[in-house]
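Single-structure report; data block below.
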Ligand code: PDD
């Protein structure tokens with residue numbers, strides 16, 4: 001398949017990145033994941049704006065407009081222009097001798113790939129998730145390619161035969177290893193505020209807007225791990241997850257396999273309409 005690398009479309013086998021790239025040596029870069037659905041790339045501008053904001057946060061000067069303009073070329077080269085697919089974008093600080101501080105000369109490395117990827121109309125799965133300590137750093141708002149904390153958490157969830165790791169910092173649930181989490185209690189919806197302890201997910205923002213439209217009270221307020229038994233429903237959100245019902249967190253069972261909570265279902269249906 002073809003990829004975009006530093007201004008060119010090249011075969012993925014021929015695409016070369018230096019071993020001195022700071023993305024490789026330091027995990028010094030930003031990434032994005034978007035999906036193309038039947039009606040186009042889902043919230044493309046929000047994803048690109050977040051990437052631009054993130055690059056600014058870490059002091060990489062790279063104009064995302066260049067990537068934006070090359071997406072159609074990439075999709076064409078991959079024969080995916082009219083097909084459901086996943087689009088991955090990454091910009092690193094570039095190639096330089098290994099010194100921690102920013103190099104003065106480096107040119108950012110920009111890469112994108114697209115792969116066939118389809119999502120169900122509504123995610124019918126009822127996830128089983130496991131909580132664990134959030135051992136990541138304190139800048140989780142940055143969509144950094146340094147994902148070791150997320151990788152280790154997700155791996156731990158997988159070996160425990162669960163679908164996602166739910167991270168807990170100082171007793172409060174922050175987010176999943178690659179998803180945001182929402183709770184429903186007494187018809188009210190709760191999710192962690194968009195601060196430095198979570199990634200402000202695009203799907204999260206879409207769901208917040210849907211709550212407003214559907215007149216479901218929404219509070220950006222973190223839930224304590226000890227408060228889970230007082231909640232009626234939980235769901236995960238993310239680009240590759242959309243809205244996924246959570247049936248079980250640790251030993252607490254919300255509902256069995258085929259049941260999905262009333263509010264979760266309502267939001268899933270409204271979300272599905274956005275894709276039509
Ligand atoms: N993950 N929180 C974390 C830590 C994430 O990595 C993601 C996305 C989200 C959800 O964000 P969004 O709704 O914008 O996709 C929340 C992507 C999909 C990934 O790493 O594959």
Quiz item: For residue 221, which of the numbered conditions (1) touching a strand residue (DSSP E or B) at 6+ places or on another chain (Cβ under 6 Å); (2) surrounded by fewer than 16 Cβ atoms within 10 Å (Cβ to Cβ); (3) within 20 Å of residue 271 (Cβ to Cβ) fails to hold?
Solution: (3)
Quiz item: Within the bounds of region 159-169, is there any residue that is within 13 Å of the ligand (Cβ to nearest atom), closer than 30 Å to residue 41 by Cβ and assigned to a loop (DSSP other than H, G, I, E, B)?
Solution: no
Practice problem: Tell me which residues, restricted to region 40-88, are in contact with a helix residue (DSSP H, G or I) (Cβ under 9 Å, 6 or more places away or on another chain), part of a loop (DSSP other than H, G, I, E, B) and more than 13 Å from the ligand (Cβ to nearest atom). | Solution: 60, 61, 62, 63, 80, 81, 82, 83
Exercise. Answer yes if at least one residue in region 179-194 is at pLDDT below 95, more than 12 Å from the ligand (Cβ to nearest atom) and surrounded by fewer than 20 Cβ atoms within 10 Å (Cβ to Cβ), and no otherwise.
Key: no
Exercise. Could you grab the pairs with beta carbons closer than 8 Å, sequence gap of 6+ or different chains, first residue in region 160-178 and in the same structural domain as residue 192 (by TED's automatic domain parsing), second one at pLDDT below 95?
Key: 163/125
Practice problem: Answer with yes or no whether residue 224 is modelled with pLDDT under 95 and either within 23 Å of residue 263 (Cα to Cα) or in the same structural domain as residue 81 (by TED's automatic domain parsing) (or both). | Solution: no
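Go through region 210-243 and give me each residue that's closer than 18 Å to residue 122 by Cβ, in a helix (DSSP H, G or I) and free of Cβ contacts under 8 Å to residues at least 60 places away in the same chain. So that I can check it myself, show each step before the final result.
Kept after step one, since they are closer than 18 Å to residue 122 by Cβ, are these residues of region 210-243: 210-211, 213-214, 216, 233-243.
Narrowing the set further to residues that are in a helix (DSSP H, G or I) leaves 210-211, 213.
211, 213 - these are the residues of region 210-243 that are closer than 18 Å to residue 122 by Cβ, in a helix (DSSP H, G or I) and free of Cβ contacts under 8 Å to residues at least 60 places away in the same chain.
The values are calculated or read from the model by the stated rules, or taken from the named source; none is laboratory data. Bear in mind the structure is a predicted one, so any value in this text is a computation, not a measurement. Here Cβ is always computed from backbone atoms with ideal geometry, including for glycine, and neighbour counts include all displayed protein chains.
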